[in-house]
Every structure is written in C-alpha cells, then in structure tokens.
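Asker: Okay, here's the structure, questions in a sec.
Readers should treat all values here as calculations from the given coordinates under stated rules, not as data from a laboratory. Values in this document were obtained by computation on a predicted structure and should not be read as measured data. Because the Cβ atoms are built from the backbone with ideal geometry, glycine has one as well, and the counts that use them run over all protein chains shown.
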Amino acid sequence: MEQFDTYYYDLMAKKLSGHCTAAEINELEQWLAASPEHQAEYDILSKIWQDSVPADSARTYNPDSAWQKVESATAPATPVRPMANWKKFSAAAAVIAAVAAASWFFSHTPPKKHELAANEGKIKSIQLPDKSMVTLRQGARIKYINGYHHDKRVVELEGEAFFEVANDPEHPFLVKTANESYIEVLGTSFTVQSTKDSTAVIVATGQVRLGAENDTADVILNAGQRGVWGNGQLSSRNNNNPNFIAWKTGVLAFNDQSLLEILPQLADFYAKEIRIDSNYQTTAAKQKATITFSNQSCDDALHELQLLLGFNFRHEGDAIVISQ
C-alpha cells in the first residue's frame, strides 16, 4: 500500500477542520484525483472526523473519542498486520486531533485586540498581519486582531489614516469607524477620516464600498471619488482635492486656487486656526495662486503666499489672522 507524505495528512486535516486556503484546497483536490488510494484515505479520515467532532463548534471536542474511533476503524482483521499502517493512521489522527483542539481553543478564547496610536505631532506607519500598510495621521488610533481568524480582515479606526490594502479577494478588508459606518475593500489604497459624527473616504486606487453597520444603504466608490456617511445620510462625488493625503506626503500643491480656498487646507495641514479678517474676505476670494509647499513650516508657507499675493498675517494666541 502506498505510503503518504505527512504533508498531505496535514492538508486533509486542515480541509476537514475548515482551515484550508483556496490554494491548499486546489492542491488537495489534485492529489485526491491522482489516485483512488488517495481518495480512499481521505474518506476514512473524513469518517473519523465526522464521528469525533461535533458539527457545533461550541460543543467540546473529545480527542480520546477520536483516538478510539481511529483504532476501531483501523483495527486489524487478522492478528498480524504491518505496524506502518497503524502508525500512519495514528499520525493522521494526531494531526486531526491537534487541528481540532486548536480550532476549539480559538473558538472559545476571546481574540486579543492590538491597539496602536500616532502620537500628537507625528504620523505612524504600521504593517498589519496580512501585509497591508496603514499610515496613521497624528492623533489617530487603530485596533485589529492579530491573525484575524475570520473570513474578513477587520480593523477599527478613530481619526484619519491612509490604507494600502494587500490583495486577498477571499478575505475582504473591513474598516469600522467611530460613527458605526464601514468601508469594505478587496485590494486598494484610500484614506479615511473618522469622527463620532461622520466618516469620509477618498479612494486613491481600486474600489471600496461605504455603508453603515445598521443600514442597508451603501455606495461603491472608485478611484478619484469621495464618499461621506453622516447624520444618517450617504453621499458621493468626485474628489476635487489633490491634497487629501498631504499630511502623509508632506506636500501641498495648489493650481490657480483662491486664497479663500488655500487657507482652509493650510489650516488642516498644520492643525492651526487661520482666520481671515471680515474686511479682507472679498479680496481673498479673488486672489489666486499656483504654488507648492514641501515639508515647510506654517509661517514659511504663509510668508511665500504673502510675497505672492501681498496680504499681512499676525499671530493672536493660537490663531493666525490674515488681513489687508
């Protein structure tokens, strides 16, 4: 009788316990189809598994029962039988028992959440267990389960972050946010701004689905689109802000934009309050600039704009005031 590599016993055990990946299932199916003996071996182990492991994973798995069934299923018809066969089935049962025990353990052990945050004034880059990359803006916080152990890769976000998701169509990537909305993707890059009141998503590449956990409405967003969920409303439009990840790149670029449009983006980028004097609002709406800032301080950026457009600015406490 053919002797099988332990590797295939491992694959069979993983298949029976529901731990096989699609690639492993495909490999196992090819191996089973290659020989009637392979299929017969799998059928025996499948019967042992079904008789030993309850369908309800919440019930306790009994490894002693599994061993007894293995021994009875493989008991010799005559007093003498090669020891190799018994060892073969013992090894298979050991693999099955180990996988079942691990499956039971994980189903009864609350998953441990990891929590990481970007300190004020700094951004933080993180590689998740699936190799996806997350860049947290200062003050942002993310929670995730190491290894996931689910059919979906789920993270929880507070604040703003940029995601570059590793492609894995069989395990969709899900971002849950502070206002109970979610973003579901297969493999893409996007930024999320999450607060208790709203969630905004801008897609850089690929496609995402934005929706709410307690609502059936959702919207598909493609690259270059922005979606917002807040106050029970879902909306989407084209993203007209090329600086949506300036906090990550350190670069702010403006093309023929008014001072009235530029200043709010500077305020967001530098986390400063920037106000325009009421008697300068009309002029600020008419003044336009094409300019790029790269890793500069707020005052340096304002000085460059000042030379270009001719306004004045002053510090009043924590605020900056723009005037004629």
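Asker: Cα-Cα over 30 Å: which of Lys113/Lys248; Lys143/Lys248; Lys131/Lys248; Lys143/Lys272; Lys124/Lys152; Lys124/Lys286?
Answerer: From the list (Lys113/Lys248; Lys143/Lys248; Lys131/Lys248; Lys143/Lys272; Lys124/Lys152; Lys124/Lys286), the Cα-Cα distance tops 30 Å for Lys124/Lys286.
Asker: Please give me the summed charge of the neighbours of Leu157: other residues whose Cβ is under 9 Å from its Cβ, Lys and Arg +1, Asp and Glu -1.
Answerer: The answer is 0.
Asker: To continue, here is another question. Around Val201, with a cut-off of 10 angstrom between Cβ atoms, what is the net charge of the other residues, counting Lys and Arg +1 and Asp and Glu -1?
Answerer: The answer is +2.
Asker: Which order do Val201, Val228 fall in if you start with the one that has the fewest other Cβ atoms within 10 Å?
Answerer: With the fewest neighbours first, Val201, Val228 line up as Val228, Val201.
Asker: List the residues whose amide H sits under 5 Å from the amide H of Lys272, counting only those 5 or more places along or on another chain, with H placed 1.01 Å from N in the peptide plane.
Answerer: Here nothing satisfies the definition.
Asker: Tell me, Kirkwood radius of region 250-323 from alpha-carbon pair distances, in Å?
Answerer: 12.3
Asker: Sticking with this one: With the cut-off at 1.5 for a/c, could you classify region 174-324 from its C-alpha gyration tensor as rounded, prolate or oblate?
Answerer: prolate
Asker: I would also like to ask the following. Quick check: net charge around Asn279, other residues with Cβ under 15 Å of its Cβ, Lys/Arg +1 and Asp/Glu -1?
Answerer: Counting the neighbours of Asn279, the net charge comes to +2.
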